[in-house]
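Asks: Could you have a look at this structure, given as structure tokens, before my questions?
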């Protein structure tokens, strides 16, 4: 699915650059880099090497049409709120940033998820 001409290190560097472009975004995760707000994930770099971005329905439809991409399919299911970001777009932080910002804006409107047992922030 992912372009093999982009190394894992370059892909992570591009993702880090994108996350750094938003003043309130914080990259988390070691094996699967991701961003979340109030317990709601809004982007992640999959083990298969593609970037997934969570968008509200209207933005998702525009994105899917404009970039001729698909909803994310992972672990045998379709993640209906996540789009697969083409590698050509991952390489273009300036063009991708507005969608990353929309993704952050979307999750900031969601109700915070309750903390799960055994996962303390201490």
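Asks: Residue 97 fails exactly one of the following numbered conditions: (1) loosely packed, with under 15 Cβ neighbours inside 10 Å; (2) under 12 Å from the mean Cα position of the chain (by Cα); (3) assigned to a strand (DSSP E or B). What is the number of that condition?
Replies: Result: residue 97 passes all but (3).
Asks: Being closer than 21 Å to residue 87 by Cα, touching a strand residue (DSSP E or B) at 6+ places or on another chain (Cβ under 9 Å), loosely packed, with under 13 Cβ neighbours inside 10 Å and in contact (Cβ under 8 Å) with a residue 12 or more places away in the chain is the filter here, so list the residues in the range 17-40 that pass it.
Replies: Selection gives 29, 32.
Asks: List pairs: first in the range 60-79 and free of Cβ contacts under 8 Å to residues at least 12 places away in the same chain and on the phi < 0 side of the Ramachandran plot, second in a loop (DSSP other than H, G, I, E, B) and surrounded by 15 or more Cβ atoms within 10 Å (Cβ to Cβ), Cβ under 9 Å, 6+ apart or cross-chain?
Replies: 61/55; 62/55
Asks: Do we find a residue being modelled with pLDDT under 95 and surrounded by 14 or more Cβ atoms within 10 Å (Cβ to Cβ) anywhere in the range 64-71?
Replies: Step one: list which residues in the range 64-71 are modelled with pLDDT under 95, which gives none.
No, that holds for no residue.
Asks: Tally up the residues in the range 63-79 that are farther than 20 Å from residue 47 by Cβ and in contact with a helix residue (DSSP H, G or I) (Cβ under 9 Å, 6 or more places away or on another chain), please. Before the answer, list the steps.
Replies: The initial filter retains those residues of the range 63-79 that are farther than 20 Å from residue 47 by Cβ, namely 63-68.
Filter again for in contact with a helix residue (DSSP H, G or I) (Cβ under 9 Å, 6 or more places away or on another chain), leaving 63, 67.
Selection size over the range 63-79: 2.
Asks: Is at least one residue of the range 87-97 within 14 Å of residue 46 (Cβ to Cβ) and touching a helix residue (DSSP H, G or I) at 6+ places or on another chain (Cβ under 7 Å)? Break it down into steps so the answer makes sense when it comes.
Replies: Start the filter on the range 87-97 by keeping residues that are within 14 Å of residue 46 (Cβ to Cβ), which leaves 87, 90.
Pick out the ones that are also touching a helix residue (DSSP H, G or I) at 6+ places or on another chain (Cβ under 7 Å) and you get 90.
For the range 87-97, residues within 14 Å of residue 46 (Cβ to Cβ) and touching a helix residue (DSSP H, G or I) at 6+ places or on another chain (Cβ under 7 Å): present.
Asks: State whether the residues of the range 9-24 include one that is farther than 20 Å from residue 94 by Cα and touching a helix residue (DSSP H, G or I) at 6+ places or on another chain (Cβ under 7 Å).
Replies: No: the range 9-24 contains no residue that is farther than 20 Å from residue 94 by Cα and touching a helix residue (DSSP H, G or I) at 6+ places or on another chain (Cβ under 7 Å).
Asks: Residues that are at pLDDT 95 or above, farther than 17 Å from residue 96 by Cα and surrounded by 17 or more Cβ atoms within 10 Å (Cβ to Cβ): does the range 41-54 have at least one?
Replies: Checked against the condition, which is being at pLDDT 95 or above, farther than 17 Å from residue 96 by Cα and surrounded by 17 or more Cβ atoms within 10 Å (Cβ to Cβ), the range 41-54 yields at least one hit.
Asks: Could I ask something else about it? Please determine, by comparing only the residues of the range 100-117 that are in contact (Cβ under 8 Å) with a residue 60 or more places away in the chain and part of a helix (DSSP H, G or I), which one is surrounded by the most Cβ atoms within 10 Å (Cβ to Cβ).
Replies: 103
The values are calculated or read from the model by the stated rules, or taken from the named source; none is laboratory data. Please read all numbers here as calculations on a predicted model, not as lab measurements. Every residue, glycine as well, gets a Cβ built from its backbone with ideal geometry; the counts of neighbours run over all protein chains shown.
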